[in-house]
Amino acid sequence: MSNFTVIDEEFDCENCGRHVRKLGYSCRNHCPYCLHSKHVDINPGDRAEDCRGILKPIGIETDSKKGYVIIFKCEKCGKIRRNKAAEDDDMNLIIKLSVNNYF
């Protein structure tokens, strides 16, 4: 079981450039406007990953407990990561991921 460090912070998305506010009820992991993220964690919230590549959303899974789970692939190192979709994520992009399974 990996450690989970709670970090809910604002950031400017390196993919679309929009300012992303704190989530407020959990940890913000990705941009709700374009669904991209940044490869900064080894374990959730630890900010210990040296890669710092852009995590591109490539697919979606559904989980009976978590709901939609976005699958990301790092454009720099190729690692696959998963993270629960947030309530304010662009649902049209989530639907697109579920239909096409890629961007």
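The values are calculated or read from the model by the stated rules, or taken from the named source; none is laboratory data. Just so it is clear, the structure is predicted and the values come from calculations on it, not from any experiment. Note that each Cβ is placed from the backbone with ideal geometry, even for glycine, and that neighbours are counted across all protein chains shown. For accessibility, only protein heavy atoms count, side chains too; no ligands or nucleic acids. Shrake-Rupley method; radii C 1.70, N 1.55, O 1.52, S 1.80 Å.
Could you list, in sequence order, the residues of region 28-47 that are over 19 Å from ILE80 (Cβ atoms) and not charged (D, E, K, R)?
Matches in region 28-47: PRO32, TYR33.
Since GLY59 meets every condition but one in (1) touching a helix residue (DSSP H, G or I) at 6+ places or on another chain (Cβ under 7 Å); (2) free of Cβ contacts under 8 Å to residues at least 40 places away in the same chain; (3) not hydroxyl-bearing (Ser, Thr, Tyr), which condition does it not meet?
That leaves (2) as the condition not met.
Take region 15-39 and flag every residue that is open to solvent by less than 50 Å² (accessible area, probe 1.4 Å), in a loop (DSSP other than H, G, I, E, B) and at negative phi.
LEU23, CYS27, ARG28, CYS31, PRO32, CYS34, HIS36, HIS39
Of the residues that sit in region 40-66 and are hydrophobic (A, V, I, L, M, F, W, C) and outside any loop (DSSP other than H, G, I, E, B), which one is farthest from LYS79 (Cα to Cα)?
ILE60
Determine whether GLU9 is in a loop (DSSP other than H, G, I, E, B) and free of Cβ contacts under 8 Å to residues at least 24 places away in the same chain.
Yes, satisfied.
Select from region 84-95 the residues that are open to solvent by less than 70 Å² (accessible area, probe 1.4 Å) and of a type in the set (D, E, K, R) and list them in ascending order.
ASP89, ASP90, listed by residue number.
Can you pull out every residue in region 69-81 that is more than 23 Å from ARG21 (Cβ to Cβ) and among the charged types (D, E, K, R)?
LYS73, GLU75, LYS76, LYS79, listed by residue number.
Tally time: how many residues in region 67-77 are of a type in the set (Gly, Ala, Ser) and part of a loop (DSSP other than H, G, I, E, B)?
Counting residues in region 67-77 that are of a type in the set (Gly, Ala, Ser) and part of a loop (DSSP other than H, G, I, E, B) gives 0.
Kindly provide the set of residues from region 48-83 that are closer than 19 Å to CYS13 by Cα, surrounded by fewer than 17 Cβ atoms within 10 Å (Cβ to Cβ) and of a type outside the set (A, V, I, L, M, F, W, C), ordered by number.
ASP50, ARG52, GLU75, LYS76, ARG82
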